[in-house]
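**Student:** Below is one structure. I have some questions about it.
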């Protein structure tokens, strides 16, 4: 192969990878851009040299970091180096041993059996948790995940369904990858173990798919979430510089949970929610505990490369107080609205595709909660390069202060015309050993 052709291939691959900017407020953002780009370029150097990988490049920087490697199963921990956005520093159990779950039971939330997911999740040491076979795990109570854990479903079809789901509470460095999370139910009012040395009484849970409380460096990647009682994902209560300060929720499919599919609340911040597939749910995603909970003013969340699909009603996401970067997502369904907020959040929408429903009363992408127009007209909400289809419209507001949008930016948007290809792999993947995923 000639050097000219190699140069052209190198340039083409480079153009597919978006440049990144600061994941948190900094005094010198240009310096941070350079540092992050050096890290990203280093992570893709090996695939660039191995020209056999080039065919599978998608333009999605998370996927292109690892999915092209047919030997991904032999180096699972490499995944921890592929995060982007505000939650890019989550390492999970990268530096620990591999733990293989071979028991799908969950009979005792205080004294879990070795071999179960609960037993692995509560250990004090870093662990990279994988699964011996396909499993449907019905949790008797919510699963409390200890710090420095990765729950990696690649190579198996793993469902957490029909019972309690996942709670990330005052911990750091969690990666959840390739898990189907659905039909979650409220549990609790009982004792649950959260480490080998401690168990305690937990009140009733909301039935969220993933609840994040005051945690940091969290990454939920390539999961499928649906049909939870409350939210699919809720992030609340003072999490910071993790996920809840640095959370990455990536490639998930979510539906049918009792509360939210994902809730991030109580001071959570530095969160990335990416490459997830979400369906069949009312209140999809809550980011922020309440309008009065001022700790959430520091929350920074990246929502990138997700597919918001059929049966969704509202809160994609619903934001409070903080800074939110909504970039290159595909919104193909909503019943009430897509993006909402209250208490003066900064929302930076770039390069998304919004396909409005046929109902003429539900064409608006945005909804301001609990404030008159005289108040919300000063909130910084903007739309840049979004594709608005079937009569969809985005109501912008605010003076567009550059300092506010700098805090609500985490990566460079690709053109909205590419959203379909970028999000085509959203949700839990079917990965086979010995083949690119």
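The values are calculated or read from the model by the stated rules, or taken from the named source; none is laboratory data. Everything numeric in this text was worked out from a predicted model, so none of it was measured. In this analysis, Cβ positions are derived from the backbone assuming ideal geometry, glycine residues included, and neighbour counts consider all displayed protein chains.
**Student:** Within the bounds of segment 409-422, is there any residue that is modelled with pLDDT under 95, out of contact with any strand residue (DSSP E or B) (no Cβ under 8 Å at 6 or more places or on another chain), surrounded by 20 or more Cβ atoms within 10 Å (Cβ to Cβ) and assigned to a loop (DSSP other than H, G, I, E, B)?
**Tutor:** yes
**Student:** I'd like to verify a number: residues in segment 138-182 that are closer than 22 Å to residue 437 by Cβ and in a strand (DSSP E or B), how many? Show your work before the answer.
**Tutor:** As a first pass, look at segment 138-182 and keep what is closer than 22 Å to residue 437 by Cβ: 149-160, 174-182.
Subset that is in a strand (DSSP E or B): 149-152, 158-160, 174-177, 180-182.
Number of matching residues: 14.
**Student:** Next up: Looking only at residues that are assigned to a loop (DSSP other than H, G, I, E, B) and touching a helix residue (DSSP H, G or I) at 6+ places or on another chain (Cβ under 7 Å) in segment 366-404, which one is surrounded by the most Cβ atoms within 10 Å (Cβ to Cβ)?
**Tutor:** Pass one, segment 366-404, residues assigned to a loop (DSSP other than H, G, I, E, B): 369-372, 377-380, 385-386, 390-392, 394-396, 398-401.
Going one step further and asking which of them are touching a helix residue (DSSP H, G or I) at 6+ places or on another chain (Cβ under 7 Å), we end up with 380, 385-386.
Numbers: 380: 22, 385: 15, 386: 24.
Selected residue: 386.
**Student:** Let me ask something additional. Of all residues in segment 83-121, which are farther than 19 Å from residue 137 by Cβ and in a strand (DSSP E or B)?
**Tutor:** 97
**Student:** What about residue 129, is it in a strand (DSSP E or B), touching a strand residue (DSSP E or B) at 6+ places or on another chain (Cβ under 9 Å) and within 30 Å of residue 322 (Cβ to Cβ)? Explain how you work it out, then say what you get.
**Tutor:** Details: in a strand (DSSP E or B): yes; touching a strand residue (DSSP E or B) at 6+ places or on another chain (Cβ under 9 Å): yes; within 30 Å of residue 322 (Cβ to Cβ): no.
Answer is no for this residue.
**Student:** Let me ask another. Among (1) under 24 Å from residue 316 (Cβ atoms); (2) modelled with pLDDT under 65, which single condition is residue 211 missing?
**Tutor:** (2)
**Student:** Can you confirm whether residue 316 is surrounded by fewer than 21 Cβ atoms within 10 Å (Cβ to Cβ) and either at pLDDT below 95 or assigned to a loop (DSSP other than H, G, I, E, B) (or both)? Can you show your working first?
**Tutor:** On the way: surrounded by fewer than 21 Cβ atoms within 10 Å (Cβ to Cβ): no; either at pLDDT below 95 or assigned to a loop (DSSP other than H, G, I, E, B) (or both): yes.
Criteria not met by residue 316.
**Student:** Also, I was wondering about something else. Consider segment 77-96. How many of its residues are under 16 Å from residue 145 (Cα atoms) and either more than 24 Å from the chain's Cα centre (by Cα) or crowded, with 23+ Cβ neighbours inside 10 Å (or both)? Break it down into steps so the answer makes sense when it comes.
**Tutor:** Start the filter on segment 77-96 by keeping residues that are under 16 Å from residue 145 (Cα atoms), which leaves 90-94, 96.
Now restrict to residues that are either more than 24 Å from the chain's Cα centre (by Cα) or crowded, with 23+ Cβ neighbours inside 10 Å (or both): 90, 92-93.
Counting residues in segment 77-96 that are under 16 Å from residue 145 (Cα atoms) and either more than 24 Å from the chain's Cα centre (by Cα) or crowded, with 23+ Cβ neighbours inside 10 Å (or both) gives 3.
**Student:** Another question, if that's okay. Please determine whether any residue of segment 188-199 is outside any loop (DSSP other than H, G, I, E, B) and either more than 22 Å from residue 104 (Cα to Cα) or under 18 Å from the mean Cα position of the chain (by Cα) (or both).
**Tutor:** yes
**Student:** Taking residue 345 and the conditions (1) buried (at least 23 other Cβ atoms within 10 Å of the Cβ); (2) touching a residue at least 60 places away in the same chain (Cβ under 8 Å); (3) over 18 Å from residue 413 (Cβ atoms), which numbered condition does it fall short on, given that it satisfies the others?
**Tutor:** (2)
**Student:** Quick check on residue 164: is it buried (at least 24 other Cβ atoms within 10 Å of the Cβ) and more than 21 Å from residue 89 (Cα to Cα)? Let's see the steps before the verdict.
**Tutor:** On the way: buried (at least 24 other Cβ atoms within 10 Å of the Cβ): yes; more than 21 Å from residue 89 (Cα to Cα): yes.
Spelling it out, residue 164 is indeed buried (at least 24 other Cβ atoms within 10 Å of the Cβ) and more than 21 Å from residue 89 (Cα to Cα).
Okay, residues lined up against (1) touching a helix residue (DSSP H, G or I) at 6+ places or on another chain (Cβ under 8 Å); (2) crowded, with 24+ Cβ neighbours inside 10 Å; (3) within 20 Å of residue 115 (Cβ to Cβ); (4) at pLDDT 95 or above:
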| position | (1), (2), (3), (4) |
| --- | --- |
| 127 | yes, no, yes, yes |
| 132 | no, no, yes, yes |
| 141 | no, no, yes, yes |
| 151 | yes, yes, yes, yes |
| 171 | no, yes, no, no |
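**Student:** Check segment 226-245 and report whether any residue there is in contact with a helix residue (DSSP H, G or I) (Cβ under 8 Å, 6 or more places away or on another chain) and at pLDDT 80 or above.
**Tutor:** no
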